[in-house]
Amino acid sequence: MAYETLTWDVDGDGIATLTLSRPESLNAFDLTMARELERVFLTDARDDAVRAVVVTGAGRAFCAGMDLSAEGNVFGLDETVVPTPEDLRAHLTEAPYDEGVRDTGGRVTLAIHALPKPVIAAINGPAVGIGATMTLGMDLRLASTTAKIGFVFGRLGIVPEACSSWFLPRIVGIQQALEWIYSAEILSAEAALAGRLVRSVHEPGDLLPAAYELARSFVVGRSPVALGLAKQLLYRNGAAADPLEAHLSDSLAMFLTSIGDGKEGVAAFLEKRAPEFTGRASELPKVF
């Protein structure tokens, strides 16, 4: 599928590179990029030939935030609508709420989060506003020493979006999340590392190789089904009210994988050979 604001490439190990590609505007996020990001995670990334996705930016930026040069409502929202919480919940996917009220960044992060495969952000430069919050829906974040990360919404008189009020406290804790949102300051890569927002910091030339090495360590010789279910279990059960909820879902997941790819995994271990898993991420069994 062709994209205007993105490039998409998949290597022989199934590692996809998704590049935000508006370098002339520091990869600023516009409505076209929003739609294309949602589409790529709902279509191309779900191909079983894709095992993991690494997301980075073209040029010297990751994403400089929302493109504020658009005419009218720069966020693409319909100012003629008067939405209520009840209306939005009841009619989320219907007009005019679907296109005119829903946060575009949230649509993107929900699509990223729903992908049953590892998604790694390789933050190669400035990542501000939606450029920062879109990475929260990804599983791990690696940063270049040149990265600058900012949750700057307070400076613009708006709120953090892209489901970041759900993701950010779970990643860094509520106190750190509130400090960064309240202050709206730009963080260095080292500050982001100290706050546990990013996994590691790398010299610019080492960033993508480190992300690819990490991605390969996750998927080569691994069952796509076991990997996809494990992602669901950790995200869903990490927010469950009681460990019984985890017991119910992981019991079912354990049962189903034990009669699927688990048989090959055990046989390969006993026979001291590499496993040949046949399960598909596109056919995950239902455990919730």
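Quick look at the numbers
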item	result
Heavy-atom accessible area order for 63, 163, largest first, 1.4 Å probe	163, 63
Listed residues 138, 1, 66 arranged by accessible area, highest first, probe 1.4 Å	1, 66, 138
Heavy atoms of residue 202: accessible area, 1.4 Å probe, square angstrom to 10	40 Å²
Where only alpha carbons of the stretch 27-106 are counted, the Rg and the Dmax (Å)	15.4, 44
The stretch 143-214: projected area of the alpha-carbon convex hull, averaged over directions, in nm²	5.1 nm²
Whole-number D in µm²/s for the stretch 1-56 (Stokes-Einstein; Kirkwood sum over Cα pairs; 10 °C, 1.306 mPa s)	138 µm²/s
Pair-distance profile P(r), taking every C-alpha pair of the stretch 1-152, with 10 angstrom steps and integer %	11, 40, 34, 13, 2
Percent accessible area from carbon and sulfur atoms, the chain, protein chains only, probe 1.4 Å	57 percent
Probe 1.4 Å, all protein chains present, accessible-area order of 263, 286, 148, 117, largest first	286, 263, 148, 117
Cα-based Rg of the stretch 99-255 normalised by 2.2 N^0.38 Å, two decimals	1.10
Cross-link partners of residue 148 among lysines (Cα-Cα below 30 Å; sequence separation of 8 or more within a chain)	117, 231
Surface/4 of the Cα convex hull for the stretch 204-288, nm²	7.4 nm²
Surface accessible to a 1.4 Å probe, per residue, for the residues of the stretch 138-288, Å²	58 Å²
Per residue accessible area in Å² of the stretch 26-89, where ligands, DNA and RNA are left out and the probe is 1.4 Å	50 Å²
Convex hull of the chain built on C-alpha atoms - directionally averaged projected area, nm²	16.7 nm²
For residue 86, solvent-accessible area (1.4 Å; no DNA, RNA or ligand), Å²	130 Å²
Solvent accessible area, Å² - residue 227, 1.4 Å probe, full protein context	50 Å²
Debye intensity ratio in log₁₀ form over the Cα atoms of the stretch 88-162, taken at each q of 0.17 Å⁻¹	-0.74
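The values are calculated or read from the model by the stated rules, or taken from the named source; none is laboratory data. Because the structure is a prediction, the values reported are computed rather than measured. SASA here: full protein model, heavy atoms, side chains in, ligands and nucleic acids out. Shrake-Rupley method; radii C 1.70, N 1.55, O 1.52, S 1.80 Å.
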